[in-house]
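Below: one structure, written as structure tokens.
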Amino acid sequence: MGSSIHSEQEIIEDECEAVHNQITDSISTYVSEMEEVEEEEWEMVQKKGNQFVVNDEPFYVNGFNTYWLMVFAADESTRGKVSEVFKQAASVGLTVCRTWAFNDGQWRALQKSPSVYDEQVFKALDFVVSEARKYKIRLILSLTNNWEAYGGKAQYVKWGKAAGLNLTSDDDFFSHPTLRTYYKAHVKTVLNRVNTFTNITYKNDPTIFAWELMNEPRCTSDPTGDKLQDWIQDMAVYVKSIDPKHLVEIGLEGFYGPSTPQRVQFNPNTYAQQVGTDFIRNHQALGVDFASVHIYPDSWISQAISDTHLPFVTSWMEAHIEDAEKYLGMPVVFAEFGVSAKDPGYNSTYRDNLINRVYKTILNSTRKGGSGAGSLVWQVFPDGTDYMDDGYAIVLSKSTSTSSIISLQSTRLALFNSRCSWKCHWGCKKKKQLEKLIYYDEL
């Protein structure tokens with residue numbers, strides 16, 4: 001029994017690889033011209049309606065998260081892992097990486113205290129940005145954390161208390177004028193940083209895809225959402241006042257709130273509408289260019305792998321894509337999604353199914369010119385970093401089936417990004433062949 005299953009699996013993998021090779025061969029002529037253009041100039045990513053564009057060509061995103069790059073780059077003994085993860089990601093066609101541009105008051109802190117920086121750690125961030133460019137990977141840089149890891153809002157509140165401010169909650173980060181000033185000073189410092197490797201100021205560097213205001217902001221002390229909304233409005237405009245060239249996103253998980261009672265049915269649980277976030281209202285703030293959504297059924301619904309998880313992924317994504325089209329008129333990026341190997345009932349086949357579900361939902365939007373602009377898997381690790389694994393790590397060299405799925409999605413999106421598909425809208429002779437390759441259902 002076991003051996004026959006194994007042989008069937010091998011046949012399936014061989015067939016998948018054959019299809020993938022066919023697609024890769026067919027796309028090469030289209031992509032080569034684009035690569036020549038990219039070699040000549042590395043332009044900013046911009047937004048055009050509900051799509052991203054580079055040089056007026058579409059830019060659909062297949063990307064990943066590796067949050068710890070700056071900290072690893074700060075130590076000569078681990079710096080090579082940064083290059084390694086970019087190299088491996090590029091080998092499967094990933095084009096965007098989301099990572100932290102903050103480490104507030106912690107071990108190897110970037111910002112040791114308000115407006116006091118460790119130059120060696122800043123040089124490490126410079127290295128991350130310059131190294132990403134080498135591998136043609138663009139960066140979404142997050143500017144602080146809702147959670148205590150790497151400092152975040154709790155550290156800002158600690159700094160405020162040390163300065164004698166009367167603060168009662170970590171959510172005072174969003175409302176207290178002094179803490180807002182601290183955060184704005186950090187934003188200004190990062191955006192105006194001149195990279196010591198490239199001599200390019202961050203705010204002028206096309207390697208940076210976008211600025212993220214905060215990783216997963218929540219403000220549970222104000223379920224109406226007013227406190228967080230006011231902070232978003234203030235900070236999005238502030239970022240744009242310093243850097244009008246780059247795109248800005250909030251960093252939200254995507255929960256529906258009080259402004260859209262008809263949409264809360266799509267939330268994973270009832271608590272989600274009480275955390276002070278409000279997907280549609282938040283993204284209507286001036287200065288916000290695209291929407292972000294995270295996908296964690298194993299955190300939000302049940303830790304144990306369940307049959308309800310995959311249908312939730314589909315309905316959650318489709319609801320947000322629809323809202324981005326109807327109400328926001330902007331792209332939406334599913335900026336974190338994954339499943340933990342520590343979950344009861346976990347196996348790698350389920351992870352592949354989850355990733356496939358996300359990718360297919362993106363493709364279903366893409367083929368209609370919809371707002372589904374891409375996704376970033378949480379998270380890609382190089383070999384030898386198991387001690388950093390939170391359960392969600394994907395080591396591409398050890399996960400051949402997952403790597404194939406990621407690579408196939410990259411190839412399909414590269415087809416959409418190619419000039420032929422954009423300019424002739426599939427009116428060329430290759431139309432049927434290309435459509436077959438893009439929408440071929442993996443075995």
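The values are calculated or read from the model by the stated rules, or taken from the named source; none is laboratory data. All figures in this text were calculated on a predicted structure; none of them were measured in a lab. Note that we place each Cβ from the backbone using ideal geometry, even for glycine, and neighbour counts take in every protein chain shown. Accessible surface is based on the protein model in full, side chains and every heavy atom, while ligands, DNA and RNA are left aside. Shrake-Rupley method; radii C 1.70, N 1.55, O 1.52, S 1.80 Å.
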Neighbour cut-off at most 11 other Cβ (10 Å), DSSP loop, GluC sites (Glu not before Pro), the range 73-135: E76
Efficiency of FRET between V264 and A341 - r from beta-carbon atoms, R0 35 angstrom, step 0.05: 0.65
Inter-label distance, nm, simple model (7 Å from Cα along the C-beta direction), D386/W107: 1.9
Tilt relative to the chain, helix 400-417 - C-alpha long axis, 0 to 90 degrees, to 10: 90
Contact order relative to length of the chain, as percent, for alpha carbon pairs under 8 angstrom and 6 or more apart: 19
³J(HN,Hα) computed for each position of the range 200-212 - Karplus, 6.51 cos²θ - 1.76 cosθ + 1.60, integer Hz, glycine/proline x: 9, 5, 3, 5, 10, 8, x, 4, 7, 6, 6, 9, 10
Helix axis angle, 177-191 relative to the chain longest principal axis, alpha carbon, degrees: 50
The range 145-194 versus the range 92-113: alpha-carbon centroid distance in Å: 16
Loop-located trypsin sites (Lys or Arg not before Pro) in the range 299-379, at most 16 other Cβ atoms within 10 Å (DSSP): K342, R367, K368
Heavy-atom surface of the chain, accessible at 1.4 Å and reported per residue (Å²): 40
Segment N204-Q274, length gained on full extension (0.36 nm per residue, minus Cα span): 21.4 nm
Spacing of the two label points (7 Å from each Cα toward its C-beta) at K158 and S91, in nm: 3.9
Theoretical FRET efficiency, 1/(1+(r/R0)^6), r = Cβ-Cβ of T220 and K136, R0 41 Å, to 0.05: 0.55
Charge context of V333, other residues only, Cβ under 13 angstrom, K/R +1, D/E -1: -2
Surface share of carbon and sulfur [accessible, 1.4 angstrom probe, percent] for the chain: 50
Correct option for semi-axes √(5λ) of the Cα gyration tensor in Å [calculated from the coordinates] among [x] 38, 27, 20; [y] 34, 25, 23; [z] 46, 23, 20: [y]
The range 103-112 - phi-based ³J(HN,Hα) in whole Hz, Karplus 6.51/-1.76/1.60, Gly and Pro as x: 6, 9, x, 9, 4, 6, 5, 6, 9, 6
Flagged links, alpha-carbon separation over 20 Å, of K227/K326; K47/K245; K81/K134: K227/K326
Estimated FRET transfer efficiency (N192, D234; beta-carbon r; R0 22 Å; 0.05): 0.70
Computed lengthening from K326 to W147, 0.36 nm per intervening residue step minus Cα-Cα distance: 61.3 nm
Rounded to whole Hz, the Karplus (6.51, -1.76, 1.60) HN-Hα couplings of the range 316-329, x for glycine and proline: 4, 5, 5, 4, 6, 5, 4, 5, 4, 7, 6, 10, 9, x
Where labels lie 7 Å past Cα in the beta-carbon direction, separation of S306 and T78 in nm: 3.5
